[in-house]
Amino acid sequence: MTSDPLLALRPWEAPEVTSWGRLPMNAVDRRSGALPLDGDWRFQLLPAPDAPVSDVWTSSYVPGVWTMQGTDDLPQYTNVRMPFAEYPPHSPAANPTGVYERAVDVPADWAGRRIVLQVGAAESVLLVHVDGRPAGVSKDSHLAAEFDLTGLVRAGERALVRLTVVKWSDASHIEDQDQWWHGGVTRSVLLYATDPLHLADVTVRAGRYGDLRVDCRVRDAGGTLPAGWYVSGELDGHLLTQDTEFDRANADDDRVSDFLGEARLLTDVPDVRTWNAETPELYDLTVRLHRADGGVADASRHRVGFRDVEIVERDLLVNGERVFVRGVNRHDFHPLTGRTVSPGDLRADLVLLKRFGFNAIRTAHYPGDPALYDLADELGLYVVDEADIESHDHAHEIADDPRYLNAFVDRVSRMVLRDKNHPSVIVWSLGNESDYGANHDAAAGWVRRHDPTRPIQYEGAAKRGWADPHLASDIACPMYAPLEDCVAHALSGEQTKPLIQCEYSHAMGNSNGTLADHWAAIESTPGLQGGFIWEFWDHGILQRVSDGRPAGRAGAGLHDNGVAAPGHRWAYGGDFGETIHDGAFIADGVVFPDRTPKPVMYEHREIAAPVRLECFRHEGVVIGNHQHFRGLDWLAGEWELSLADGGVLTAPAKLPDLRPGETTAVPLPFELPRGGGEAWLTLRVTTADDEPWAPRGTVVCLPQVRLRAAAAAPGHSARAARGRPVEVDAEGLLVHPLLTSAPVLSLWRAPTDNDELGGAALRWRTWGLDTLVRKVVDVRQAAGRVTVHAEYAAEAGVVRHAQVFTPVEGGIHVEERAELPDALTDVARVGSVFETVAGLDLMEWYGQGPWESYPDRSFGAPVGHHRVAVAELFTPYLRPQESGGRHGVRHFTLSAPDATGLAVVLDEPRQVSVTRHRADDLTAVTHHDQLVPRAGCVVHLDAAHRGLGTASCGPDTSPSYLVTPGVHRWSWTLRAL
């Protein structure tokens with residue numbers, strides 16, 4: 001039997017207990033003047049919370065998670081499943097518990113002051129002791145907990161602070177989020193002091209017309225407020241006025257007792273500069289609490305943005321404007337520190353998002369670090385602030401469980417109380433994937449009363465009916481709803497709420513197909529307003545290959561190309577020896593673990609382009625401003641004309657003076673050269689000056705318009721040209737000095753995550769597409785040509801393939817035909833695959849690029865002349881899979897340093913990939929450190945290639961991007977350089 005009252009309470013198995021001794025949440029900034037306690041703490045890891053503490057200590061860095069700092073309790077990833085078998089509210093008996101201790105020297109000049117300990121976040125239950133005496137308990141792994149230590153410490157003396165963190169608890173059942181499970185103190189710890197008379201909370205409401213209201217709550221540690229106190233405030237140096245009517249009403253109604261004070265300050269700002277994601281204008285506000293003699297007892301500083309958020313009919317409006325929400329979901333993550341992120345990490349995250357056209361984040365699935373909101377205010381990002389509630393595995397049971405009622409209301413209300421003054425926060429979210437019940441309604445009721453200035457969203461409520469006005473969600477915010485369903489709802493006449501998907505376009509592996517199609521529909525369909533891509537990060541943890549453990553805080557250096565450092569790899573579920581896990585499903589972001597952008601980021605940048613070339617007409621092009629609030633004066637431009645024959649012309653571009661939504665026609669900057677080849681005009685748009693999120697000259701977008709189509713390709717029925725005769729072997733396979741493997745038919749690709757989880761790969765394997773057996777049927781030579789007929793046996797039938805090899809000047813022209821039986825209703829590709837000699841290290845091509853693109857993800861790859869090293873063409877998705885493709889390639893070369901090599905000219909724009917890996921190489925391994933690049937190039941030329949879709953979680957690609965049965969024809973010419 002323990003004598004510790006906190007342990008005797010067993011708060012880790014008491015959902016009704018959300019805290020003990022914890023101070024109310026507030027929006028007063030206490031970081032200035034505080035005593036930081038970050039650094040090395042004495043540490044030991046216990047097997048259970050009631051296990052005895054020994055005399056053997058190690059050290060652990062705070063903030064940080066012990067799962068990344070050398071303990072035997074390693075990270076574990078699950079998506080839906082809980083990592084233990086116990087039902088709520090129970091936790092397992094084997095329950096890792098971290099004990100942190102450090103001595104704190106309390107400053108002598110804090111004598112007579114109120115002393116508070118703030119623990120930024122702890123996962124999942126926090127128990128606080130000071131000199132062996134209990135100070136408090138807190139749950140909610142992603143919000144700060146504060147404890148009044150005034151009666152437990154003495155100014156000028158040393159105190160021993162102990163933080164006990166219990167990993168598993170009743171709270172774990174409502175923190176069942178799609179992420180790594182960790183344990184530790186994940187955000188900063190600090191000690192601060194205030195006057196006994198202090199600001200208990202400050203609420204700032206600033207509207208788009210310049211109206212400012214500041215509500216202050218005042219308390220005194222002694223209990224009764226001293227007479228004569230008052231508050232003052234100034235905004236950018238201008239004094240605010242006291243709301244005497246508010247004071248009189250409080251006094252007349254006897255609403256405020258002797259221990260609680262309330263005051264209100266007002267002002268109206270003329271010619272106010274409003275805040276929005278494009279022009280995030282901020283004002284500096286200082287609020288001071290005075291004693292009767294005028295002395296300042298306390299102060300709080302805030303950055304104020306004047307803006308309104310409202311829903312009018314079925315539109316979400318910011319400052320009266322319907323805005324598109326171009327969002328991404330974001331977890332707190334770092335490949336070296338797990339859940340702990342620094343302000344520098346956060347800035348790097350948001351700067352990257354701004355550079356690629358995102359204007360919104362959803363804090364999936366818990367409130368972020370306070371610095372995140374400061375940065376969103378400064379840089380300009382809309383925030384859907386989400387409470388730390390997800391009960392995925394036991395959602396239905398918990399939604400109406402009264403034992404968890406207090407936890408739901410507590411977590412939502414504390415989030416609102418902390419973040420309510422941030423203009424970036426435009427929507428409150430009640431949590432994620434927790435069914436829908438009375439506990440949600442209770443939390444929503446509290447929010448509506450406390451903050452009527454923002455709407456509420458919750459996907460679990462929206463799931464019950466997108467248009468139902470009686471549910472807790474003000475926004476229809478489904479997950480992964482098919483695009484056709486969204487459009488149908490908007491056109492049905494029944495829509496009553498904005499439709500903004502809280503998750504869509506799942507970014508797992510080589511994914512995000514049809515993203516441009518989604519946005520074409522969103523922008524053209526009233527009632528559709530955007531959504532949040534899942535998600536920002538690939539959550540790969542840097543793991544040492546030698547011992548399978550996390551690399552830790554020091555790491556081994558991170559590359560900036562998505563590839564783990566030598567001797568390391570990106571670990572995902574199952575890589576730390578855990579038996580319950582969900583594999584690579586943790587790797588579903590638009591950036592790699594080192595924050596390298598994936599190709600989809602360039603796709604999104606063009607989809608979100610603020611400047612667009614609408615069309616080519618009457619010897620000019622139409623330019624449009626597709627922003628909501630800003631002109632084009634912050635941008636610079638340069639014209640580029642790309643010709644198929646290799647010519648490139650450039651000229652400076654003066655962007656027109658356009659208000660948001662306006663378009664205008666401008667003359668062509670070049671006289672189009674004569675000839676019949678393709679011609680593409682690109683407007684390179686960059687920042688004209690330094691922005692808070694981008695230096696001058698940063699590319700913002702590359703809109704493009706075709707000025708002239710390619711001339712029709714000539715037929716190849718003419719007689720063979722003189723030259724080297726075509727040579728084939730006994731199996732009818734082409735023999736060529738630059739090829740080590742002849743071109744054969746390919747219907748298979750190394751399955752993407754979408755292919756595997758969406759079921760396509762299983763069908764392809766069932767049909768035998770990964771093990772096709774080629775049988776030559778006939779080889780004929782006539783008039784200099786060689787015609788080869790072959791059959792490929794598949795479980796679903798025989799695929800007939802014909803090749804005609806014709807010698808042409810300097811090379812060979814290849815015509816191909818493949819006939820797929822009706823049973824092959826959906827294959828990965830139809831095309832040729834061959835391999836080259838070693839030493840061809842550079843690819844140059846005319847087509848879309850330079851980054852990877854596929855048929856349903858090619859909007860962001862402009863047509864032009866590109867050159868990339870072969871080693872860099874391959875995209876290192878965490879689980880090796882099909883990657884490195886380039887869409888719309890017209891012709892390309894592969895060359896050695898001495899300029900020798902080969903050239904391929906295609907009959908029409910085709911999907912091409914050039915890598916060092918066969919499909920079988922990719923499917924045979926689980927991580928990139930296991931891949932061995934081949935000396936030569938593996939080249940795919942596809943007549944048709946299946947779209948990527950997002951079927952690992954969400955809709956597959958649309959039917960127009962499927963590869964269907966029937967006859968497929970393609971041709972190409974191979975020449976030596």
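Structure notes:
- The residue among Val939, Phe629, His394 whose Cα reaches farthest toward the positive pole of the charge dipole of the chain, with charges on the beta-carbon of Lys, Arg, Asp and Glu, is Val939.
- Rounded to whole Å, sorted largest first: equivalent-ellipsoid semi-axes of the chain, Cα gyration tensor: 57, 33, 24
- For region 637-652, 3J(HN,Hα) per residue [Karplus equation, 6.51 cos²θ - 1.76 cosθ + 1.60, θ = phi - 60°, Hz, x = Gly/Pro]: x, 9, 7, 9, 9, 10, 10, 4, 7, x, x, 9, 10, 10, 7, x
- Point-to-point label distance, Arg301-His618, nm (Cα→Cβ direction, 7 Å offset): 5.6 nm
- Loop sites in region 15-121: GluC sites (Glu not before Pro), DSSP, at most 14 other Cβ within 10 Å: Glu16
- Using C-alpha pairs below 8 Å separated by at least 6 residues, the relative contact order for the chain is 9 percent.
- Of all lysines in the structure, those lying under 22 Å Cα to Cα from Lys463, and not within fewer than 8 positions of it along the same chain, are Lys497.
- Cβ-isolated cysteines (cut-off 4.7 Å), the chain: Cys216, Cys486, Cys615, Cys701, Cys937, Cys953
- Euclidean distance of C-alpha centroids, region 422-463 and region 617-679, integer Å: 44 Å
- Only Lys, Arg (+1) and Asp, Glu (-1) charged, at Cβ; the chain dipole about Cα centre in debye: 2240 debye
- Environment charge of Leu430, counting only residues whose C-beta is closer than 10 Å and scoring Lys/Arg +1, Asp/Glu -1: -2
- Summed residue charge, Cβ within 14 Å of Val99's Cβ, Lys/Arg positive, Asp/Glu negative: -1
- Residues listed by number, region 601-644, amide nitrogen under 18 Å from Asp690 label point at 7 Å toward C-beta: 634-636
- Sorting Leu37, Leu747, Leu499 from the fewest to the most surrounding beta carbons within 10 angstrom yields Leu37, Leu747, Leu499.
- Entries of Lys139/Lys354; Lys354/Lys598; Lys139/Lys420 with Cα pairs more than 23 Å apart: Lys139/Lys354
- 222 nm mean residue ellipticity, helices alone, for the chain (DSSP H n ≥ 4; -39,500 (n - 2.57); rounded to 500): -3500 deg cm²/dmol
- Electrostatic tally near Pro49: other residues with Cβ closer than 11 Å to its Cβ, Lys and Arg +1, Asp and Glu -1, net -1.
- The relative contact order of region 208-304 comes to 36 percent, based on Cα pairs under 8 Å that sit 6 or more residues apart.
- Packing-based order for 693-701, 428-436, using average beta carbon neighbours within 10 Å, highest first: 428-436, 693-701
- Stretching Val776 away from Ala8 to a fully extended chain increases their span by 268.6 nm, per 0.36 nm per residue minus the current alpha-carbon distance.
- Ordering of 889-902, 944-957 by packing is 944-957, 889-902, highest average first (other Cβ atoms within 10 Å, averaged per residue).
- Of Thr496, Thr186, Thr244, Thr71, the sequence from fewest to most neighbouring Cβ atoms within 10 angstrom is Thr244, Thr496, Thr71, Thr186.
- In order along region 684-689, the Karplus-derived 3J(HN,Hα) couplings, from 6.51 cos²θ - 1.76 cosθ + 1.60 at θ = phi - 60°, round to 7, 9, 10, 6, 6, 9 Hz, and Gly and Pro are given as x.
- Selected from Leu152, Thr97, Thr18, residue furthest toward positive end of dipole (the chain; charges at beta carbon): Thr97
- Exposure proxy shown here: for Asp201, Asp729, Asp176, the number of other Cβ atoms within 10 Å sets the order, fewest to most, as Asp729, Asp201, Asp176.
All of the numbers you see were taken from the coordinates with simple rules; none came from a lab. This one's a predicted model, so the numbers in the text were calculated from it and none came from an experiment. Please note: Cβ atoms are built from the backbone with ideal geometry, for glycine as well, and neighbour counts cover all protein chains shown.
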